[in-house]
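Written below as structure tokens is the structure these notes are about.
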Amino acid sequence: MLHLPLDLLRQPDRHPVLTTDGITVVQSCLYGEELHDAAYLSQLEYIYVHAGEIVLAAEGAGPIVIGPGQSIILGPDLCFGFRKRPDANGADYASTLLFLRRSWVREFLLCFPKLLAPAAAPQHAVWQKYRADAHLKSFAAALQPYFGGQAAPTELLRLKTQELLHHLLRLERGTLAVLLPTLAERKVGDLRAVMDRHFTQNWPLEEFARRSHRSLSTFRRDFQAAYGKPPGAWLRGKRLDTAAFLLSNGQAGPQAIAEEVGFRSYAHFSRCFKKRFGCSPTSFADRQRQVI
């Protein structure tokens, strides 16, 4: 799996790069072949396709095809699959990629606080596609001369990027108006909502991180700050407490409850339960029935 934009920056001979504080622009080309892979995106990304096409897919979104003249903006902390290929006319794939750090987005929102009026958008929107547009084509074309060796002025790159975001918000403000503030200031609430809703799911931590729109390292750090303990310890305790509640109410047998709260192995569940409550799940259920 690629890590974007980091892995692209390690290949300047294959992917020419323009960079300034908080902004990275990459020229991506593919000649006479098809490429498919998966990627983890740590920043906000804008893709403008000059020729060929790219197909993107993520859980709950896609597949979506971006062809010549079209573009798409993708939210951060996103895992997705992609396929780059020549288009129907046989033109090789070529695109311009723009990556924005959180610090740059935060500064942009401080400069233009009235830009983001309330807008309806899917709660878990991860990207927004834009059809061919003269202004978007002009943005990508204006950067091409600087990939030939001429240094791009920092102020020009900053102003062109601000202009791009203004125009994208005019074209379709819903999804981008949700992604920008989320990127600039992450909140703990979405993490708690994900954990409270899905703690019974037997997922790897990477999936919990993805559902809360975080990288695994950011997820671990935010979780520790929010709960005061590592995610694995919290999940185990939450599942055991829920199992004890269900056992005390006689809603099902111990083995069914173990599976219901997210334990794959009953033997593992039984060991953890005894360590926490001092008795086996069966004994715990029997005692609760005697009390009743």
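The values are calculated or read from the model by the stated rules, or taken from the named source; none is laboratory data. Bear in mind that the values here come from a model prediction, so they are computed numbers and not experimental data. Glycine gets a Cβ as well: all are built from the backbone with ideal geometry, and neighbour counts include every protein chain shown.
Filter segment 186-225 down to residues that are over 25 Å from Glu260 (Cβ atoms) and of a type in the set (A, V, I, L, M) and give me whichever is nearest to the chain's Cα centre (by Cα). By that ranking, first place goes to Leu216. When Arg271, Arg236, Arg264 are checked against the criterion of being in a helix (DSSP H, G or I), charged (D, E, K, R) and exposed (fewer than 14 other Cβ atoms within 10 Å of the Cβ), Arg271 stands alone in meeting it. Considered as a group, the residues in segment 190-231 that are in contact with a Ser or Thr (Cβ under 7 Å, 6 or more places away or on another chain) and part of a helix (DSSP H, G or I) include one that is modelled with the lowest pLDDT, and that residue is Asp190.
Phe245 meets the conditions (1) in a loop (DSSP other than H, G, I, E, B); (2) at pLDDT below 85; (3) over 30 Å from Leu109 (Cβ atoms) in every case but one. The failed one is (1). For segment 29-74, filtering for residues that are modelled with pLDDT of 90 or more and either in a loop (DSSP other than H, G, I, E, B) or surrounded by 17 or more Cβ atoms within 10 Å (Cβ to Cβ) (or both) leaves 21.
On the stretch given as segment 1-28, residues that are within 19 Å of the chain's Cα centre (by Cα), part of a loop (DSSP other than H, G, I, E, B) and over 19 Å from Ser217 (Cβ atoms) total 1.
One residue stands out in segment 75-105 among those that are in contact (Cβ under 8 Å) with a residue 40 or more places away in the chain and small (Gly, Ala, Ser): the one that is surrounded by the most Cβ atoms within 10 Å (Cβ to Cβ), namely Gly75. Of all residues in segment 222-233, those that are surrounded by 15 or more Cβ atoms within 10 Å (Cβ to Cβ) and of a type outside the set (A, V, I, L, M, F, W, C) have Cβ atoms under 7 Å from Cβ atoms of residues that are modelled with pLDDT under 90 and not in a helix (DSSP H, G or I), 6 or more apart or on another chain, in Asp222/Arg214.
Cβ separations smaller than 8 Å between residues 6+ apart or across chains give the following pairs from segment 159-176 residues that are more than 16 Å from Ile47 (Cα to Cα) to residues that are at pLDDT 90 or above and buried (at least 21 other Cβ atoms within 10 Å of the Cβ): Gly174/Gln128. Pairs are defined by a Cβ separation below 9 Å, a sequence spacing of at least 6 or placement on different chains, a first member in segment 263-275 that is touching a residue at least 60 places away in the same chain (Cβ under 8 Å), and a second member that is surrounded by fewer than 14 Cβ atoms within 10 Å (Cβ to Cβ); the pairs so defined are Phe263/Asn202; Arg264/Asn202.
The residues of segment 120-130 that are at pLDDT below 55 and either closer than 15 Å to Ile73 by Cβ or surrounded by 15 or more Cβ atoms within 10 Å (Cβ to Cβ) (or both), listed by number, are Ala121, Pro122. For segment 149-189, filtered to residues that are crowded, with 18+ Cβ neighbours inside 10 Å and part of a loop (DSSP other than H, G, I, E, B), the residue that is modelled with the highest pLDDT is Arg173.
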